[in-house]
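Data first, discussion second: the structure below is written as structure tokens.
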Amino acid sequence: NGVRLHYLDYGSVGRRPMLCLHGGAAHAHWYDYVAPGFTADHHVLSLDSRGHGDSAHAEPKPYVRKTFAEDVNALVEKLDLRDYVLVGHSMGASIIVRDLQEHAGDYCKAVLLSPLFTIDSGYPDLVETALANIGGTVASRSFALGQEPYVPDDFPTNRVTNSPQRLQ
């Protein structure tokens with residue numbers, strides 16, 4: 001689509017690809033800290049979305065989920081990614097939900113971290129429908145609505161506290 005996109009490659013070519021999408025007003029380097037933790041099992045890549053980081057700005061500026069998703073698919077096609085994991089934080093998670101509507105069969109897993117949406121937008125229904133396209137589920141509807149935290153059953157809750165420690 002004519003926009004020059006930049007991405008980071010954390011190595012491990014030959015392993016299952018993992019493509020990471022950052023949130024709004026962010027950049028690909030947001031994954032610098034966590035990417036090394038996944039390179040033993042994945043070929044980790046992180047995209048600078050259009051108008052972010054080292055990717056070009058678009059003129060006119062169609063900065064909407066549809067064009068961000070088109071950019072993701074252009075990169076996926078150029079790199080010939082197959083059976084990959086798509087990870088998105090905030091705006092990146094919203095891009096994934098938009099993308100799942102048309103390209104659900106292209107990747108094996110989608111990870112949505114703090115998806116950006118408003119409760120009255122119908123977005124939680126869209127998330128549930130989109131994830132169902134790849135056999136996924138939302139942890140719970142109230143979690144999708146942002147009304148409760150999701151903690152897996154096997155999470156070590158003895159290491160988590162919701163109240164600050166008092167200083168003596």
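The values are calculated or read from the model by the stated rules, or taken from the named source; none is laboratory data. Because the structure is predicted, anything quoted here is derived from the model rather than measured. Please note: Cβ atoms are built from the backbone with ideal geometry, for glycine as well, and neighbour counts cover all protein chains shown. For accessibility, only protein heavy atoms count, side chains too; no ligands or nucleic acids. Shrake-Rupley method; radii C 1.70, N 1.55, O 1.52, S 1.80 Å.
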Subject >> Selection count, the stretch 1-42, where residues are buried (at least 21 other Cβ atoms within 10 Å of the Cβ) and either touching an Asp or Glu at 6+ places or on another chain (Cβ under 6 Å) or farther than 13 Å from Val87 by Cα (or both) >> reply: 1
**OP:** Could you please find all residues in the stretch 1-46 being at positive phi and of a type in the set (A, V, I, L, M)?
**Re:** Ala25
Subject >> Filter result (among the hydroxyl-bearing types (Ser, Thr, Tyr) and touching a helix residue (DSSP H, G or I) at 6+ places or on another chain (Cβ under 6 Å)) within the stretch 8-47 >> reply: Tyr10, Ser46
Original post:
How many residues does the stretch 59-80 contain that are aromatic (Phe, Trp, Tyr) and either open to solvent by 60 Å² or more (accessible area, probe 1.4 Å) or touching a His at 6+ places or on another chain (Cβ under 9 Å) (or both)?
Top reply: 1
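Could you check the stretch 61-102 and list, in sequence order, the residues that are small (Gly, Ala, Ser) and touching a helix residue (DSSP H, G or I) at 6+ places or on another chain (Cβ under 6 Å)?
So in the stretch 61-102, the residues small (Gly, Ala, Ser) come out as 69, 74, 88, 90, 92-94.
Result: Ala69, Gly88, Ser94.
Out of Asp99, Asp54, Asp83, report the one residue that is surrounded by fewer than 19 Cβ atoms within 10 Å (Cβ to Cβ), modelled with pLDDT under 90, closer than 26 Å to Val13 by Cβ and acidic (Asp, Glu). Give the derivation first.
On the way: Asp99 fails: surrounded by fewer than 19 Cβ atoms within 10 Å (Cβ to Cβ); Asp54 fails: modelled with pLDDT under 90.
Asp83 is the lone residue from the list that is surrounded by fewer than 19 Cβ atoms within 10 Å (Cβ to Cβ), modelled with pLDDT under 90, closer than 26 Å to Val13 by Cβ and acidic (Asp, Glu).
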